[in-house]
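One structure is given below, encoded as C-alpha cells.
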Amino acid sequence: MKTATILALFFVGLFLIQGVFLPYWPVWLKAQGLSAGEIGILLSLPNWVRVFADPLIAQRADHTGNRKTPMLWLAGIYVLTILAFPVSSNFWWLAGLSVVIGFTFSPLLPLGTTITVHECKTRDLDYGRVRLWGSLAFIFASYGAGWVLDGTSTTWIVWMLFMAGIVNFAITTRMPDPQTDRSLRSGSSLTYLLRKPVFLIYLGCIGFAQGAHGTYYSFASVHWETVGYSHEMIGTFWSIGVMAEIALFAFAGKFVRGRHPGALFALGAVAGIVRWVVLGSSDDIWLIMLAQPLHALTFGITHLAAVSFIARAIPQQLATSAQSLMATLSMGVFLGSSIWASGPLYQHFGSHAYYAMAGLSAIALAFSFWLMRSWQGEDKMFCD
C-alpha cells in the first residue's frame, strides 16, 4: 500500500503541473502580446527538445539501472526555470526557457512510468488505478486554476506552476529506487528497437493518435476564451474529459489485459475522428460537453494500449528506452509538429483546424490495423 501510494503521488505531482500548463500556458503567452504563430512555436519547443533529451537520458538510465537520481536533478532544475519566465516577455528569452523546460520536465514521465510499471508487475498492482490519481490531480489543477484566474490575473499562472513544481520535486524524493539489471546489450538499445518493424508500427499508432491532440492542447483554451467562455468554464471543459479518463483507468484493467493493443489503438482513433469533427464544427456548450468525455478514448485507452504493448513485448532491460522512444516520438515529433502546425492553421481557419486532427486520427486507425496483423503477442523478437 505504501508503494502504491507513492507511485500514485508521483503522477499527482506531474499532473498538477500539466493541469495548469496545458489549459492556461497558451493564455499566459497570449497575455504577453505574442501572436498565434509565436505561441504555436513556443508550445512546440518542449516537445521538440524531448526528441533529443528523452532518449539520451533514458538510454543512460537503462545502462546504469538507476532512474531516480536523474529524476531528482530534472525536477529541481524545472522549478528554478519556471521562476525565470516573468523576467522578460521577449520571444527569444521565452524560447530559451521553453527549451530548458523540454529538457527537464519531459523525461520525468518515461523515467517515472518505467519505475511504476516495474513496481506494478513486481507487487501485482493495477497500473490504471495508480495512474488515475494523476488524472484526478489534473482535474483539480485545471478547474482550480480557472477559479483562481477568474478572480485574479494571468500573472498567477506562473506562480501556480512554481508551486506545483515544488510539490512534484518533494514527491520525487520519495519515489522507489529499484536497481534493475543493466542492459544486456553493449550497443545502443535505441538503435536496436528502431530496427524492429513491429516497434515502428507501434510508434505510428501512438504517434498519430497523440499528434491528433495538437490543436486541442495549444488552442482549445484560447478559442473558448475568444468565443466568450469564462476561465472557470474552460476548466470545466478540460475536467470533463479527464473525469472520463479517470473512470476508464479505474475500471479498464481487465478489459485492457484481454485485448490486443492494436484493437485498443483502433478504438481510440475512431473516437478521435468523432471528437475532432465535433469540436471543429461547433462551439455549442452541450456539444462540447458531449465530445469531451471521448478524451477517455482518444488519450486514455491509447495510453493504456501503449503501456500494455511495452509491458508485454519489451524486456525490462530495454523498458526505459522503449518508454522514452514512445514518449519522444509521440509527444515530441508528432505532437510537437502538430502543435507547431496548429498555429498557422488556427490563425487562418479558427476551430476548423480540428479537421486536420481528425485526419491524423484516421492515419492512426490505419496503423492500428497494421499492428494487429503484424504482432500476435507471442513473438520473441525483442528478446534475441
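The values are calculated or read from the model by the stated rules, or taken from the named source; none is laboratory data. The structure displayed is predicted, hence computed values, not measured ones. All Cβ positions, glycine included, derive from the backbone under ideal geometry; neighbour counts span all protein chains shown. Note: areas computed on protein heavy atoms with side chains; ligands, DNA, RNA excluded. Shrake-Rupley method; radii C 1.70, N 1.55, O 1.52, S 1.80 Å.
Put a dot 7 Å past the Cα of ALA95, heading toward its Cβ, do the same for ALA263, and the two dots end up 4.8 nm apart.
The accessible area of SER35, taken with all protein chains in place and a 1.4 Å probe, comes to roughly 50 Å². Hydropathy at least 0.0 by Kyte-Doolittle, axial extent at least 27 angstrom from the Cα trace: which helices of the chain, defined as entire DSSP H runs, fit? Helices meeting the criterion: 2-31, 36-64, 127-151, 231-251, 261-281, 354-374. Here the range 56-127 is treated as a Stokes sphere of Kirkwood radius computed over C-alpha pairs; at 10 °C and 1.306 mPa s its diffusion coefficient rounds to 115 µm²/s. When all protein chains stay in place and ligands, DNA and RNA are ignored, the 1.4 Å accessible-area order of PHE169, PHE299, largest first, is PHE169, PHE299.
Using only Cα coordinates, the Kirkwood hydrodynamic radius of the chain works out to 20.7 Å. Tell me the accessible surface of TRP159 in square angstrom (1.4 angstrom probe, heavy atoms of protein chains only), to the nearest ten. Per-residue accessible area (TRP159): approximately 110 Å². Over all Cα atoms in the range 295-360, the spread is summed up by Rg and Dmax: 15.1, 47 Å.
For LYS254 and ALA362, the difference between the fully extended length at 0.36 nm per residue and the C-alpha to C-alpha distance is 36.2 nm.
Cα centroids of the range 243-262 and the range 301-331: 16 Å apart.
Residues LYS68, LYS254, LYS30, sorted by accessible area with the largest first, give LYS254, LYS30, LYS68 [1.4 Å probe; ligands and nucleic acids excluded]. Label positions at GLU232 and SER374, each projected 7 Å from the Cα along the C-beta direction, are separated by 4.9 nm. Here each label is just a point 7 Å from Cα along the line to Cβ, and for MET1 and THR64 those points are 3.5 nm apart. Values of log10 I(q)/I(0) for the range 75-225 across q = 0.17, 0.18, 0.21 Å⁻¹ run -1.41, -1.49, -1.58, by the Debye formula with one identical scatterer at each alpha carbon and no solvent.
Descending by average beta-carbon neighbour count within 10 Å, the peptides 89-96, 307-314 line up as 307-314, 89-96, the highest first.
Highest mean packing first, where packing is the average number of other Cβ atoms within 10 Å per residue, the peptides 134-146, 210-222, 277-289 line up as 210-222, 134-146, 277-289. Net charge dipole, the chain: roughly 1040 debye, given to the nearest 20, about the Cα centre with Cβ charges of +1 for Lys and Arg and -1 for Asp and Glu. When the solvent-accessible area of the chain is split by element, carbon and sulfur atoms take up 68 percent of it, the probe being 1.4 Å. Here the contact order of the chain, divided by its residue count and restricted to Cα pairs under 8 Å and six or more residues apart, works out to 30 percent.
For the range 212-317, the alpha-carbon radius of gyration amounts to 1.19 times the rule-of-thumb value 2.2 N^0.38 Å expected for a compact globular protein. Within the assembled protein chains, the solvent-accessible surface assigned to TYR355 is about 100 Å², based on a 1.4 Å probe.
If you sort LEU248, LEU193 by accessible surface, 1.4 Å probe, largest first, the order is LEU248, LEU193. Counting every pair of alpha carbons in the range 200-242, the share spaced more than 14 Å apart comes to 58 percent. Can you tell me the FRET efficiency between TRP286 and THR155 if r is taken as the Cβ-Cβ distance and R0 is 25 Å, rounded to the nearest 0.05? With a Förster radius of 25 Å, E is 0.15.
Computed over protein heavy atoms with a 1.4 Å probe, the accessible surface of the chain works out to 39 Å² per residue.
When each pair of different Cα atoms in the range 1-105 is counted once in the 1/r mean, what is the Kirkwood radius in angstroms, to one decimal? Value: 15.2 Å, from the Cα pair sum. Geometric descriptor of the range 144-290, per residue, is 189 Å³ (volume of the convex hull of the Cα atoms). Considering only Cα atoms, the convex hull volume of the range 236-384 works out to 113 Å³ per residue.
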